[in-house]
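The values are calculated or read from the model by the stated rules, or taken from the named source; none is laboratory data. Just so we're clear, the structure is a prediction, and the values are computed from it rather than from any experiment. When we count neighbours, we look across all protein chains shown, and the Cβ atoms used for this are built from the backbone with ideal geometry, even at glycine.
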Amino acid sequence: MLAVFRRNQAGVAAVEFALILPSLLLLYAGTVEIGQGLTVARKLNNAAVVTADLMAQSESLSTDDMNDVFAGAKATLAPYDISGLKIQACVVTTAGGAQKVKWCAAEHDTAPAKGAAPPVAVPSALVEGGVEMVVVRARYHLDTPFSSALSVIGHGYDFQRVYVQRPRIGDTIDKE
């Protein structure tokens, strides 16, 4: 009886396909997820760098200037939905070893108050006496079709990038 089953090849391809298909679909979905995640991580890094760099090129910034800076940061995330983007852009002073926010602007996020601790501490190796630092924290929440389908397990992916830069012109950046 077993010999009959061993010789019968009818339906083997269908069984193999049925066994392999879930693995192939999972592999495909994982590849798409990883690709989107890596792209968003790179674009979020660019958004943080653009924000800090544009701020560092000025001696003073107005609210309109900061809106333009945030518009530039949002443009780097194209074609992804920018509603999940949160940016805190602060100018941080260091006096007596304590880091404090001189001023801060935020897009879709809460800006720390003047005199509060910065959202991210400036590494001590970068601190110079009398020199303010630009600290940008950019966060993004990514929902993908696959992560939405598996919402029982998780609800998308959260990315965060921090960028610290010294002012390019002078040692301070004022808020108009």
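If the condition is being of a type in the set (S, T, N, Q), outside any loop (DSSP other than H, G, I, E, B) and surrounded by fewer than 19 Cβ atoms within 10 Å (Cβ to Cβ), then the stretch 52-92 contributes Ser60, Thr63, Asn67, Ser83.
Of all the residues in the stretch 93-117, those that are crowded, with 20+ Cβ neighbours inside 10 Å, among the aliphatic types (A, V, I, L, M) and more than 16 Å from Met133 (Cβ to Cβ) number 0.
Suppose we filter Ala52, Ala78 for residues that are under 18 Å from the mean Cα position of the chain (by Cα) and in contact (Cβ under 8 Å) with a residue 60 or more places away in the chain; which single one remains? After ruling out the rest, the residue left standing is Ala52.
Across the stretch 21-38, a minimum of one residue is classified as in a helix (DSSP H, G or I), touching a Ser or Thr at 6+ places or on another chain (Cβ under 9 Å) and surrounded by fewer than 14 Cβ atoms within 10 Å (Cβ to Cβ). Of the strands (runs of 3 or more DSSP E) that lie entirely inside the stretch 97-172, those containing 1 or more residues that are hydroxyl-bearing (Ser, Thr, Tyr) span 133-142, 157-165.
Restricting the stretch 91-137 to residues that are more than 17 Å from Gly170 (Cα to Cα) and among the charged types (D, E, K, R), which is modelled with the lowest pLDDT? Out of the qualifying residues, it is Asp109.
Being farther than 24 Å from Asp53 by Cβ, of a type in the set (Gly, Ala, Ser) and surrounded by 14 or more Cβ atoms within 10 Å (Cβ to Cβ), is that true of even one residue in the stretch 125-144? No.
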